[in-house]
Each structure stands twice: as C-alpha cells, then as structure tokens.
Amino acid sequence: MLTIGLVLVALLVIYVTYWVNKWRNPKCTGVLPPGSMGFPLIGESLQLLIPSYSFDLHPFIKKRIQRYGPIFRSNVAGRPIVFSADPELNHYILSQERRSVELWYLDAFSNLFVLEGESRTSGATASIHKYIRSLFLTHFGSERLKGKLLPLIEDLIRTNLRSWSSQATIEVKHCASALVCDFTAKLLFGYDAEKSSFKMSEKFERFAESFAAFPFNIPGTAYHRSIENRKKLTTFLERVLRERKSSAEKSEEDILNQTLDDMEKEEFITDEFIIQILFGGLFAIAESIPITITLLFKFLSAHPSVLEELTNEQEKILKNRKGSDSPSITWDDYKSMTFTIQVINETLRMGNIAPGLLRRTIRDVHYKGYTIPASWTIMLLTSASNLNPELYKDPLEFNPWRWKDLDSQTISKSFTPFGGGTRQCAGADFSRVFISIFLHVLVTKYRWTNIKEGKISRSPMLRIRDDIHIKLFEKD
Ligand code: HEM
C-alpha cells in the first residue's frame, strides 16, 4: 500500500514538474523573447493589475523593459504574451493585419463584450470589418462633422457648460461622461437622456470599472458587477432595437436605422450584431473622450501659461468670427486651432489611456532573431513610445510647445494614440473636433477653480480614481 502511495506521489511530482517546466518554457520553433511566464495559471497578471498613481509607464512594463529590453515575454490572464516597446516592430505589426496578426482582446476582456452563445467580432472577416468601419466613418467622420455635427456639438457643449456653471461643484469625469455618452447614444440610436429613466452613462461608468479588476466572475467582485452592468445595458439596447423595429416611424438618421436598412443587403447583420455595434460604439466613446477632458482640466490647472496661450488662440478665433456670417464654429475655425491641437496631442501622449494595442499572431512572427509563436498575444506598447525620452525630451513634462518642433516622420511613426494601419480609430476626427470645441467654449466663456484635485491610477489602463471637482464660473 505504502509503495503504491509513494509511486503515486512520485508520479504526481513528475507530472507537476513537467507541467511547470512546460509552462515556463513554452513551445517555440525559434528563440523566444526574454522574460518570465510567472506562476502557473495566473502568470504575471497580478503584477500588471497593481495600480500605480503616476503618468509614468506602469512599473510592470517599465521594470521589464529595463531588465529585458524593448521586447519581452510574459503570461497575462492565462495567455502567453509578448510586449513590444520597439517602434519598428510595432509599425510592422500594425501593417500585418490579417496577414500574420489579427485584432485580439484577451478572453476576460472579450467576455465583457460578448453575450453567451454569440460569436466574437474580433475574428470578424475583412468585409464585416470594412462595414463597421465605414458605418462609423459615415456617422462620425469628417464629412458628417463638417456637414452636420459641428453646430450640434457646439450647442451641446454650450448648454452643458452653462448648466455646469450653475452648480456648486462639478465632478469633471462624471459630468463629461454624461455629456459625451448621452450625445453619442443619440447619434447611435436616438437616445433621449431627458426622457429616458435608464441612466446610460452611469451604467457605462460602472461597466468600465472592470478594466482595473481581476477577471474573477464571483458575486461581490468588480468584474462580476461589470458583467451585471453589461447585461443591463444589453437588455436596454435589445428593447430599443425591438421598439425601433416595430415602429412605423423610421426617419431617424442614426446608426441603428442604417443597420436595420442594411439588414436586407448584408447577411451578417443580425439583431445580436446590431446590439454589439451599439454597445461597442458607446464603449469606444463613453470613456475615452471624458477621460481626456478630465486630464485637460488637470493639466491646464497646473500650467497657467498653457491655459493663457490656449485662451489667446481661442479668443482670436472668436473675434474673427464676430466679423463673419457664421454664428457658430466652422471647419476652417477648427483647422486654425494649431495650439489647441498641440495641447490635445500632449494630453493624449501623457495620458496613455490604454497602455497599448493588442493583437494575436496567426502564424509565427520572426523579428530581430526572436520568434513570436502563432496564437500568442502581442501588446504594442504605444505608451512606451509616448514616454520615450529619445523621442520626447523630459517625457513627463507637460509641454504642448514640443509639438512645434517634432518632425512629421516622428509623429506619424511613433505617436499613435488612435492606433494605426487598417484599424486606425474611426472616431479620431470626431474626438479631436469634440475636444477642441469643448476647449473653445470653456476658455472663451468660463474660468474655474479647483475644489478637489482628484487622482489618476494605472492598472495598466488609465482610470480617474478620484474625480476632479471644480467650480465653473462665467467670465465677466
Ligand atoms: C480620445 C478618444 C479616443 C481614443 C484615444 C481612441 C483610440 C482608439 C484606438 C487606439 C483604436 C485602435 C484599436 C486597435 O487597433 O486595437 C481605436 C479604434 C476604434 N475607435 Fe477609437 N478612440 C477614441 C474615440 C473614438 C470615438 C469617439 C469613436 C466613435 C465615434 C471611436 C471609434 C472607434 C472604432 C469604430 C474603432 C475600430 C476601428 C477599426 O477597427 O477599423 N473611437 N480607437
């Protein structure tokens, strides 16, 4: 009996040793980039989720770049992954969409977006991707901005800032989320925030909390709450879809109507597909623009000279407009906001809302003597390029004037806050225009005092941990 027991223990030890060894040394036909695969099953996920509270690179990434160089391997959320802070490799990977890599967000992350039993859009075919891209460009791209959205955005911002100034304090991120989310939901599916009892932006804010959470779907955890919020949002969107389908009135010019019209032409458009489009669209917008606006308040408050130059530029535009026929901001006005765009670029550079872009290899990728095996994840560390002292002197210094001297080659190759290649953000123009108009109205009509400074955290996504509180005053 004892012998059998000892044999079983020995077999177990051999098996565990073999398994741990296999975990630490994954199969590869060439040389893997340096790094560690961490502990079996959890890999190095916990280290990556430890929050840091500065604009600098997340310590997980910074330490490993110092130890291993710009390309290193790890295991996160149960998947082998290569991190790359090498601009050339990143540029190459972005040009390889569907050839050697595909869009891929980790299983835990995808689970937040996908309902049980649905197929994942990350594996969508080229024609589906083309359709989604053109849908967003039609409704949010530069032609729509010039033709229709500019005055709507200006009007929205004027109304909201007026209302902000009548309140004792404003929680910037929270209020910016409501402003941006409600407006976008209207463009997506005709949502009317004033009439609806469903508070869309609050649900999205809670949903977004999961990005700083470990993916344990157990009641009581932030991740579980996120999944619950996703379900509520989806149920609401399903109701909107049902109502629109049964409504005789289909004159709205929103994305929902277009997808319903296209249903007859395109087989892949199902009810679930439409819900994913609406959900994905809201998600793309609901956090990114509000966080950028919040960071702008933070940076402008700390840098009065930047605020002064920004105000001068915007007041000049206002003065010129008084002599023109247009009562509101025109496309030419927007195009003349040189310093404003530099301020936005600098905010996106330092903000690094996402640490990088995720892809999955379809086949082995060979680069500088290393092999990244097929079906591994790659994170292109755009945050590392944005904080690289060789490209940006004193990278943790908020200095919008640096953009005057940067050559276009550096900008196009290494500054990719909106991604690159065929997956470049379809809302980049919309975001820049929206934030520029926000700044125009803000600095020409209002001033503010800080009531609470707020706090950011990275884990590794940037979050507004404690919201910034301000009091907004109308200028005399
Ligand atoms: C500050 C604001 C924003 C930032 C920083 C941002 C960033 C990004 C990035 C980095 C990507 C590429 C993701 C990847 O390659 O894995 C992306 C894709 C995308 N974004 Fe944005 N985004 C912003 C706002 C928006 C807005 C307002 C919209 C919608 C109007 C939008 C719609 C999209 C879409 C549809 C894609 C997918 C494009 C494709 O796959 O062809 N984004 N965004």
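Miscellaneous remarks
- As a summary of the residue check, residue 162 satisfies the conditions (1) within 24 Å of residue 439 (Cα to Cα); (2) within 14 Å of the ligand (Cβ to nearest atom); (3) open to solvent by 10 Å² or more (accessible area, probe 1.4 Å) except for the one numbered (2).
- Scanning the stretch 133-147 for residues that are near the ligand (Cβ under 9 Å from one of its atoms), open to solvent by 40 Å² or more (accessible area, probe 1.4 Å) and either modelled with pLDDT under 95 or not in a helix (DSSP H, G or I) (or both) gives a single hit, 133.
- At least 1 residues being at pLDDT below 90 is the threshold, and among the helices (runs of 4 or more DSSP H) wholly inside the stretch 45-98 those reaching it are 45-49, 87-94.
- Verdict on residue 237 being more than 14 Å from the ligand (Cβ to nearest atom) and open to solvent by 20 Å² or more (accessible area, probe 1.4 Å): no
- Boolean, residue 32 is part of a loop (DSSP other than H, G, I, E, B), more than 30 Å from residue 398 (Cα to Cα) and hydrophobic (A, V, I, L, M, F, W, C): yes
- Residue 18, sole failed condition from (1) closer than 22 Å to residue 354 by Cα; (2) free of Cβ contacts under 8 Å to residues at least 24 places away in the same chain: (1)
- Condition broken by residue 167, with the remaining ones in (1) within 16 Å of the ligand (Cβ to nearest atom); (2) open to solvent by 10 Å² or more (accessible area, probe 1.4 Å); (3) of a type in the set (S, T, N, Q) satisfied: (1)
- Test: residue 411 is farther than 30 Å from residue 169 by Cα, within 16 Å of the ligand (Cβ to nearest atom) and in contact with an Asp or Glu (Cβ under 9 Å, 6 or more places away or on another chain): no
- Residue in the stretch 43-56 that is among the β-branched types (Val, Ile, Thr) and farther than 22 Å from residue 295 by Cβ present: no
- Here the stretch 414-470 is the region considered, the condition is being away from the ligand (no atom under 16 Å from the Cβ) and hydrophobic (A, V, I, L, M, F, W, C), and the residue that is surrounded by the fewest Cβ atoms within 10 Å (Cβ to Cβ) is 451.
- If the condition is being farther than 20 Å from residue 295 by Cβ and part of a helix (DSSP H, G or I), then the stretch 149-181 contributes 149, 150, 151, 152, 154, 155, 156, 158, 159, 162, 163, 165.
- Residue among 98, 64 that alone is out of contact with any Pro (no Cβ under 7 Å at 6 or more places or on another chain), open to solvent by 40 Å² or more (accessible area, probe 1.4 Å) and among the basic types (Lys, Arg): 98
The values are calculated or read from the model by the stated rules, or taken from the named source; none is laboratory data. Quantities reported herein were computed from a predicted structural model and do not represent experimental measurements. Glycine also receives a Cβ, built like all others from the backbone with ideal geometry; neighbour counts cover every protein chain displayed. Remember, those area values only see protein heavy atoms, side chains included, never the ligands or the DNA or RNA. Shrake-Rupley method; radii C 1.70, N 1.55, O 1.52, S 1.80 Å.
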